[in-house]
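Note sheet for the following structure.
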Amino acid sequence: MSWEAYLDRNQPRFVEELLDFVRIPSVSAKPENIPDVQRAGEWVAARLTAAGAERAEVLPTAGHPVVCAEWLHAGPDKPTLLIYGHFDVQPAEPFDLWTTPPFQPEIREGRVWGRGASDDKGGMLIPILAFEAMLRTTGRLPVNVKFFFEGQEEIGSPDLPPFVATNADRLQADMIFSADGLQWAPGQPQIVEALKGLVSLEIVVKGPRSDQHSGMVGGGIANPALALAQILAGLRNADGLITVEGFYDDVIPLSDEVRAAIDRVPFPDAELLADTGATTTWGEPGYTTKERIFARPTLDINGLTSGWQGAGTKTVLPATASAKITCRLVAAQSPEAIFEAIRAHVEKHCPPGVTAEVLRNPGRADPFLVPSGHNATAVASQILQEVYGRAPYRTRVGGSIPVMTTLLETLGVHAVMFGFSHGDENLHAPNEFFRLDAFRLGQTAYGRLFERLGAD
């Protein structure tokens with residue numbers, strides 16, 4: 001029996017296993033789900049062992065655990081692949097917006113519905129199944145394989161850097177493939193060449209020692225809410241250019257080749273406006289909307305707090321005002337340098353009568369850019385073209401996956417995103433789902449990946 005025939009024969013079992021996996025509420029952000037994240041890790045380790053992997057272990061970190069396993073019998077002349085994914089999931093709230101309970105998965109319309117089905121339980125199960133199929137039908141793999149799955153990706157992988165550093169020898173590989181990733185759309189593959197970095201901060205403006213009667217002191221002392229609005233308005237000009245001194249200093253300009261690749265991606269402005277309900281596009285001048293989203297840095301206000309927020313009117317002049325801000329960064333920007341640039345800008349432009357402080361919030365990632373001509377990227381592109389019947393789009397993603405830069409910095413290897421979810425599958429939102437045809441196609445893709453790399 002061929003490994004592809006094995007996959008076909010065992011697909012009903014594999015789908016049931018995915019349903020079992022999704023039933024575990026492994027929400028890494030909620031303390032009450034700590035035992036569930038541990039249980040999900042144990043499920044993964046057991047599944048790896050059942051597939052034929054060796055040294056499948058649930059390993060502790062300072063927070064949620066990781067799972068490592070390996071099969072290293074292809075020989076020293078064959079490449080070693082490290083396959084990454086994560087078994088933790090986002091919180092499922094608000095529960096009332098789910099058609100069916102998030103941790104009671106169902107199959108409808110050729111899809112598995114449930115929290116984590118797409119991000120990333122379905123995705124990370126795919127290479128395990130391809131590995132099992134090849135091992136069970138041929139007795140061996142043409143490549144050496146290591147598995148590395150974590151339980152804290154959805155909270156920014158805070159404990160991964162020290163773990164990777166301590167276990168660098170165990171994780172060392174020639175190529176890294178991430179099972180956490182997206183194809184552009186059903187039938188339309190993509191190769192993600194870059195991820196944005198992230199820095200998170202908060203601007204806190206203080207005025208009087210407590211809220212004041214606006215009729216008694218209004219017009220006589222500075223209003224922190226107004227001062228904050230002035231500071232925020234000064235972070236970008238009317239055209240959308242970020243005006244923080246030094247913000248763009250380290251940005252690598254987009255080459256004509258990169259801009260042409262982005263232009264080929266089918267994402268018209270009209271589609272973006274229809275999807276979001278916005279009335280017009282807006283952003284940094286001199287770039288298309290796709291270029292801004294994919295490959296230019298951003299500065300966004302995520303939340304504002306000041307004064308009375310309840311029903312009706314309370315005529316106060318607030319004592320404080322604050323804004324939460326995140327910046328998505330591109331190569332070769334530094335989260336630390338951008339934070340300092342914003343801190344200096346706020347200090348320089350703080351209006352009189354108030355004080356302003358810039359605080360660093362949790363949430364950090366370095367930007368990630370795969371170099372042109374990267375060997376694993378070239379092979380992944382070939383496989384995607386074979387299984388989809390068309391060349392993949394070359395894209396960049398506005399989101400961040402901190403572990404990518406952690407693996408690069410410690411192991412010296414760029415990871416290639418080789419996942420089979422899609423952006424419309426309600427990742428992080430109610431009614432998350434995963435397409436079963438993508439689940440099956442991904443298994444074939446990983447099997448061919450093993451074969452191709454073993455033949456070279």
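Every number here is computed from the coordinates shown, using simple stated rules; none is lab data. Note that the structure is predicted; figures quoted are calculated from it, not measured. A quick note on method: Cβ atoms are made from the backbone with ideal geometry, for glycine too, and the neighbour counts reach across all protein chains shown.
Descriptive notes on the structure:
- Spacing of the modelled spin labels on D250 and D96, each 7 Å from Cα toward Cβ, amounts to 4.5 nm.
- Cα shape, the range 387-449, gyration tensor, a/c 1.5 rule: oblate
- On the basis of the beta-carbon distance and an R0 of 41 Å, T138 and Q104 show a calculated FRET efficiency of 0.65.
- Overall, the ratio between the Cα radius of gyration of the range 84-221 and 2.2 N^0.38 Å, rounded to two decimals, is 1.64.
- C350, C327 arranged by Cβ crowding within 10 Å, fewest neighbours leading: C350, C327
- If R0 is taken as 35 Å, the Cβ-Cβ distance between A332 and W308 corresponds to a FRET efficiency of 0.20.
- Among the listed pairs K324/K348; K206/K324; K121/K146; K78/K121; K121/K290; K78/K146, those with a Cα-Cα distance over 22 Å are K78/K121; K121/K290.
- Degrees, to the nearest 10: 335-349 long Cα axis against longest axis of the chain: 10
- Here the 3J(HN,Hα) profile of the range 14-29, calculated from phi with Karplus coefficients 6.51, -1.76 and 1.60 at θ = phi - 60°, is 4, 5, 4, 5, 4, 4, 4, 5, 5, 5, 7, x, 7, 7, 6, 7 Hz, Gly and Pro shown as x.
- Percentage relative contact order, the range 72-151, counting C-alpha pairs under 8 Å, at least six apart: 55
- The range 321-456, relative contact order [Cα under 8 Å, separation at least 6], %: 21
- Global geometry of the range 5-161, whether rounded, prolate or oblate, following the gyration tensor of its Cα atoms and the 1.5 cut on a/c: oblate
- Equivalent-ellipsoid semi-axes for the chain (Cα gyration tensor, √(5λ), whole Å, largest first): 43, 24, 21.
- Each Cα pair under 8 Å and six or more residues apart adds its sequence gap; the mean of these over the residue count of the chain is a relative contact order of 25 percent.
- Label point at R39 placed 7 Å out along Cα→Cβ; residues across the range 77-101 whose backbone nitrogen lies under 15 Å: 88-89
- Summarising the label geometry, the points placed 7 Å from Cα in the beta-carbon direction at E347 and D263 lie 4.4 nm from one another.
- Likely footprinting exposure, V403, V58, fewest C-beta neighbours within 10 Å first: V58, V403
- Extension gain for L241-A46 works out to 65.1 nm (0.36 nm per residue, less the C-alpha to C-alpha distance).
- log₁₀ of I(q)/I(0) at q = 0.12, 0.17 Å⁻¹ - the range 59-118, Debye sum with one point per alpha carbon: -0.55, -0.79
- Footprinting exposure proxy ranking of F149, F21, F95, F14, fewest other C-beta atoms within 10 angstrom first, gives F95, F14, F21, F149.
- Shape call, the range 134-201: gyration tensor on alpha carbons, a/c limit 1.5: oblate
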